[in-house]
1. If you take the residues of the stretch 17-45 that are in a strand (DSSP E or B) and small (Gly, Ala, Ser), which of them is nearest to ALA135 (Cα to Cα)?
2. Can you confirm whether GLU68 is in contact with a Lys or Arg (Cβ under 9 Å, 6 or more places away or on another chain) and free of Cβ contacts under 8 Å to residues at least 60 places away in the same chain?
3. Scan PRO108, PRO20 and give me the residue that is in contact with a helix residue (DSSP H, G or I) (Cβ under 9 Å, 6 or more places away or on another chain), more than 26 Å from LEU3 (Cα to Cα) and exposed (fewer than 13 other Cβ atoms within 10 Å of the Cβ).
4. Of the residues THR101, THR38, only one is polar (S, T, N, Q) and either in contact (Cβ under 8 Å) with a residue 12 or more places away in the chain or crowded, with 19+ Cβ neighbours inside 10 Å (or both); which?
5. Only one residue in LEU56, LEU70 is assigned to a strand (DSSP E or B), within 14 Å of the chain's Cα centre (by Cα) and more than 20 Å from VAL123 (Cα to Cα), so which one is that?
6. Only one residue in LEU70, LEU25 is out of contact with any Leu (no Cβ under 7 Å at 6 or more places or on another chain) and either under 22 Å from PHE113 (Cβ atoms) or not polar (S, T, N, Q) (or both), so which one is that?
7. Test of understanding: among ALA135, ALA100, which residue is of a type in the set (A, V, I, L, M, F, W, C), modelled with pLDDT of 90 or more and over 20 Å from LEU39 (Cβ atoms)?
8. Would you confirm whether or not the stretch 5-16 contains a residue that is hydrophobic (A, V, I, L, M, F, W, C), surrounded by fewer than 21 Cβ atoms within 10 Å (Cβ to Cβ) and not in a loop (DSSP other than H, G, I, E, B)?
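The values are calculated or read from the model by the stated rules, or taken from the named source; none is laboratory data. Values in this document were obtained by computation on a predicted structure and should not be read as measured data. Quick reminder, even Gly has a Cβ in these numbers, built from the backbone with ideal geometry, and neighbours come from all protein chains shown.
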Amino acid sequence: MPLSRLVYFSENVLDPQRGPVLAQLKEIVAVSQKNNKTLEITGALVFDDLWFIQILEGDRVTIVRTFERLKEDERHANVVLVELCDIDERLFGNWWMGLATRNEITLPGFAPFLNNGRLQPQVMTAQQFITLVTAVAQLSQSRKILSPAAATTVFH
């Protein structure tokens, strides 16, 4: 079955009254990891206070169905599909879902995409999203925040 990759971004509308943002993000990832393992979806979620960027990889029908469900999630708004394409191999083959937040360790991965200190996903290409997410993942791995073989990765 051919593999596909779906890239999207959305606006953060996490409710601070529901608890600390990092705790909410970890809850999102925990549920995603469980669901994605069953569906054989891999990927990564990047959070930048104002924005979510997510990459999903797997069977096209499965990731499109997942994306349709994700669009209805009340924790984000203004969901924008950036790319849906066939791929030869997964970028996140051993992660059911990884999470990265913008911080002092991951900032060098974000830096090329910041304008006046702000991420502006509206003007980014699909390749720039992929570069951002993979750079942040590599920075996290190099700082031993995560194990590259871990299937239940949360890096921040």
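1. Ranking the qualifying residues of the stretch 17-45, first place goes to ALA44.
2. Details: in contact with a Lys or Arg (Cβ under 9 Å, 6 or more places away or on another chain): no; free of Cβ contacts under 8 Å to residues at least 60 places away in the same chain: yes.
When the stated conditions are applied, GLU68 does not pass them.
3. PRO108
4. One residue alone meets the criteria, THR101.
5. LEU56
6. Exactly one of LEU70, LEU25 is out of contact with any Leu (no Cβ under 7 Å at 6 or more places or on another chain) and either under 22 Å from PHE113 (Cβ atoms) or not polar (S, T, N, Q) (or both), namely LEU70.
7. Matching residue, one of ALA135, ALA100: ALA135.
8. First pass over the stretch 5-16, keeping only residues hydrophobic (A, V, I, L, M, F, W, C): 6-7, 9, 13-14.
From the residues that got through so far, the ones that are surrounded by fewer than 21 Cβ atoms within 10 Å (Cβ to Cβ) too are 13-14.
Retained after the next criterion (residues that are not in a loop (DSSP other than H, G, I, E, B)): none.
Looking through the stretch 5-16, none of the residues is hydrophobic (A, V, I, L, M, F, W, C), surrounded by fewer than 21 Cβ atoms within 10 Å (Cβ to Cβ) and not in a loop (DSSP other than H, G, I, E, B).
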